[in-house]
Every structure is written in C-alpha cells, then in structure tokens.
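Taking it in order: structure first as structure tokens, then the write-up.
Read-outs throughout are calculated quantities, based only on the coordinates presented, and are distinct from any laboratory measurement. Predicted model, so just to flag it, every value in this text is computed and none were measured. Neighbour counts run over all protein chains shown; Cβ positions are idealised from the backbone, glycine included.
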Amino acid sequence: MPPTTPEENKALVLEAFDILFNKRDYEGAAAFWSPQYIQHSAHIGPGRDGLFNLIRSAPSTLRYENQLIVAEGDYVIAHGRFSGHGRPAAWIAADVVRFENGLLQEHWDVLQDEVTQAESVSGLPMFGDRFTA
C-alpha cells in the first residue's frame, strides 16, 4: 500500500476509532489496524487482539468523541473523550498512533479522569468548551 499523507492519516484515525469504539464493527476495524499492531498502553493487552478484546468486554455504552487531531509524518495525536466505560468519570485521552503502509501500526496513550467544574483548579473544562452534567 502506498504511504499515506498526514491528512489521510487523521481521517483514517477518526474513521477507525468510530468503527471500533462507537460501532463495534470488529471486521471493519480489522481493515484499519495492522495484524502486527504494537500496543504500548499499560491497560490494554498486546496487539490488535488485545485492543479488540478490551472493547468486546466494555459496556455497550462506550463512546469516543474527538476534539482535536494533529498529524506530522506517520504520527497522529487525537485528543478525545471515552465515556460510558463503566467508571465514575469519563477518560480524556491523548492517543498517539504511528502509521505504516496505511495501517495503524503502533499506539501510545495518556489517560486522565475528566473532572467536574468544582474539581478543576483552572476552572476550565478538559474537553470542549463546557463541563459535562
């Protein structure tokens, strides 16, 4: 497969995340994640199977929303929110993805529990322009 551009990579990440996290279409998602996918996240098992199995075990209410996405070369960083995962607070995530041959090849993340306005020392939301209810 020919190399993809940063703009194409951003679009691929958004489509892949929607298909896997929101639609739970594992067959469709397999077309985006490399069979040799490398997972660096501390809470996800190795490889593509580790990620897919985590999502299979998550509540059906799990949702991903993206706020910002940037790309340079083969790397994409997506700033988003994972909600409905069964924990008290949504996760605000910075997901770093490396592309190879047009596929998501490698992943790192930084996760933080989303805070309420009362908990925010800055008084500003972590995602979007307002606090969730």
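Some observations on this one:
- For the chain, a crude dipole built from +1 on the beta carbon of Lys and Arg and -1 on the beta carbon of Asp and Glu, taken about the Cα centre, is about 400 debye to the nearest 20.
- Farthest toward the positive end of the dipole of the chain, out of 37, 6, 73, is the Cα of 37, where the dipole comes from beta carbon charges about the Cα centre.
- Sorting the segments 30-37, 9-16 by their residues' average number of neighbouring beta-carbon atoms within 10 angstrom, most packed first, yields 9-16, 30-37.
- FRET efficiency for residue 75 and residue 118, using Cβ-Cβ distance with R0 set to 30 Å, rounded to 0.05: 0.25
- In plain terms, the chain from residue 65 to residue 49 could stretch by 3.5 nm, reckoned as 0.36 nm per residue minus the Cα-Cα distance.
- Computed [θ] at 222 nm, helices only, for the chain once each DSSP H run of length n ≥ 4 contributes -39500 (n - 2.57): -6000 deg cm²/dmol
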